[in-house]
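Since the structure comes first, as structure tokens, the remarks are kept for the end.
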Amino acid sequence: MRIEVFRTAEDVAAAVAELLITEVQRDPAIVLGLPTGRTPVLSYERLVAKRHRVSFRQVRTFNLDEFVGLGADHPGSYRRFMERHLFAHVDVLPAHIGFLDGAAADTQAECERYERAIAGAGGIGLQLLGIGNNGHIGFNEPAPELAARTHRVVLLPETRRANAADFGGDPDQVPREALSMGMATILHARRIVLLATGAGKAACVQRMAEGSLTTMLPASFLQVHPNVDVLLDEPAAARLGRR
Ligand code: F6R
């Protein structure tokens, strides 16, 4: 795990935007795995500001997760989030955007379709990740066992609270379940870049990077991946190296 600490969240975002531009220039048909959440918003903003430097026409994308029950047009859906923050502003082709359909009648079949689609695209080249306060990646929540592949998951109360902003500030309005890439889906990406900013992430970042591997902190499994970059601002890095 290579850890890089930047002074501010803005500095992290600038670095992520440059990294994405460099990767897409190097491989214009790269397959990107993308997160939603507050952390990547600034990075997407910076990338959009530099969009003249790069074309996404051959790029394929797969987002990590989606809420069960929400169709692509629901204002709280992650699909809409991505449209607002990235897809509407770059030249990615709609047919190249992979997304879990939270409104699918058969969620099991939908998860299987997603795994096939990722494999059919040749696997994920670069997976961007955030990290939950509880150490989740995607919506792989801490639990005695973790699912390997894309699956339906019950969200923990802290995760619903963290997502309340897009649901009128009311955690009870956040869907109780989601579809999420599994741990193996994520860990098969050829390169992983995890972003964390803010003091609220310091404890889980420390456990992720320096603690034991445990299903109770799913991000700790990133320690076994050979090609992981962790980009932090100073507050998120504050607890590293002083166990
Ligand atoms: C979102 C996702 C989640 C978030 C995590 C951090 O697609 O997969 O794992 O990355 O919950 O969220 P923020 O960035 O809002 O703190």
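The values are calculated or read from the model by the stated rules, or taken from the named source; none is laboratory data. These numbers were taken from a predicted model, which means no experiment stands behind them. All Cβ positions, glycine included, derive from the backbone under ideal geometry; neighbour counts span all protein chains shown.
When residues of the range 109-165 are filtered for being β-branched (Val, Ile, Thr) and on the phi > 0 side of the Ramachandran plot, how many remain?
0
Restricting attention to the range 160-185, and to residues there that are in contact with a strand residue (DSSP E or B) (Cβ under 7 Å, 6 or more places away or on another chain) and not hydrophobic (A, V, I, L, M, F, W, C), which single residue is nearest to the ligand (Cβ to nearest atom)?
180
Scan the range 59-82 and tell me whether some residue there is without any contact (Cβ under 8 Å) to a residue 24 or more places away in the chain and within 14 Å of the ligand (Cβ to nearest atom).
yes
Taking only the range 148-159 into account, find how many residues are under 21 Å from residue 206 (Cβ atoms) and either away from the ligand (no atom under 11 Å from the Cβ) or of a type in the set (A, V, I, L, M) (or both). Explain how you work it out, then say what you get.
Residues of the range 148-159 under 21 Å from residue 206 (Cβ atoms): 156, 158-159.
If we keep only those that are either away from the ligand (no atom under 11 Å from the Cβ) or of a type in the set (A, V, I, L, M) (or both) as well, we get 156.
So the answer is 1.
Could you check, for the range 100-121, whether at least one of its residues is within 11 Å of the ligand (Cβ to nearest atom) and either in contact with a helix residue (DSSP H, G or I) (Cβ under 7 Å, 6 or more places away or on another chain) or of a type in the set (D, E, K, R) (or both)?
Of the residues in the range 100-121, the ones within 11 Å of the ligand (Cβ to nearest atom) are 100.
Okay, now just the ones that are also either in contact with a helix residue (DSSP H, G or I) (Cβ under 7 Å, 6 or more places away or on another chain) or of a type in the set (D, E, K, R) (or both), so 100.
Yes, the range 100-121 has at least one match.
What number goes with the only condition from (1) more than 17 Å from the chain's Cα centre (by Cα); (2) within 18 Å of residue 16 (Cα to Cα); (3) among the aliphatic types (A, V, I, L, M) that residue 109 does not pass?
For residue 109, the exception is condition (2).
Quick one: residue 188 ticks every box in (1) within 12 Å of the ligand (Cβ to nearest atom); (2) touching a helix residue (DSSP H, G or I) at 6+ places or on another chain (Cβ under 9 Å); (3) within 26 Å of residue 77 (Cα to Cα) except a single one, so which number is it?
Failed condition: (1).
What number of residues in the range 148-164 are in contact (Cβ under 8 Å) with a residue 12 or more places away in the chain and among the small types (Gly, Ala, Ser)?
Selection size over the range 148-164: 2.
Please specify each residue of the range 188-221 satisfying the condition of being in a helix (DSSP H, G or I) and among the β-branched types (Val, Ile, Thr).
Hit for the range 188-221 is 205, nothing else.
Please count how many residues of the range 14-59 are touching an Asp or Glu at 6+ places or on another chain (Cβ under 7 Å) and surrounded by 14 or more Cβ atoms within 10 Å (Cβ to Cβ). Steps first, answer last, please.
Pass one, the range 14-59, residues touching an Asp or Glu at 6+ places or on another chain (Cβ under 7 Å): 30, 42, 55-57.
Next, from what is left, pick out any that are surrounded by 14 or more Cβ atoms within 10 Å (Cβ to Cβ): 30, 42, 55-56.
The qualifying residues number 4.
Note down all Cβ pairs under 6 Å where the first residue falls in the range 124-147 and is more than 9 Å from the ligand (Cβ to nearest atom), the second is part of a loop (DSSP other than H, G, I, E, B) and of a type in the set (A, V, I, L, M), and they're at least six residues apart or on different chains.
124/189; 125/30; 127/189; 135/217; 141/156; 142/216
Hey, can you tell me all the residues within the range 28-49 that are part of a helix (DSSP H, G or I), within 15 Å of the ligand (Cβ to nearest atom) and either hydrophobic (A, V, I, L, M, F, W, C) or touching a Pro at 6+ places or on another chain (Cβ under 8 Å) (or both)?
41, 42 - these are the residues of the range 28-49 that are part of a helix (DSSP H, G or I), within 15 Å of the ligand (Cβ to nearest atom) and either hydrophobic (A, V, I, L, M, F, W, C) or touching a Pro at 6+ places or on another chain (Cβ under 8 Å) (or both).
Please verify whether residue 88 is modelled with pLDDT of 95 or more, away from the ligand (no atom under 12 Å from the Cβ) and among the small types (Gly, Ala, Ser), treating the condition exactly as stated.
On the way: modelled with pLDDT of 95 or more: yes; away from the ligand (no atom under 12 Å from the Cβ): yes; among the small types (Gly, Ala, Ser): yes.
The answer is yes for residue 88.
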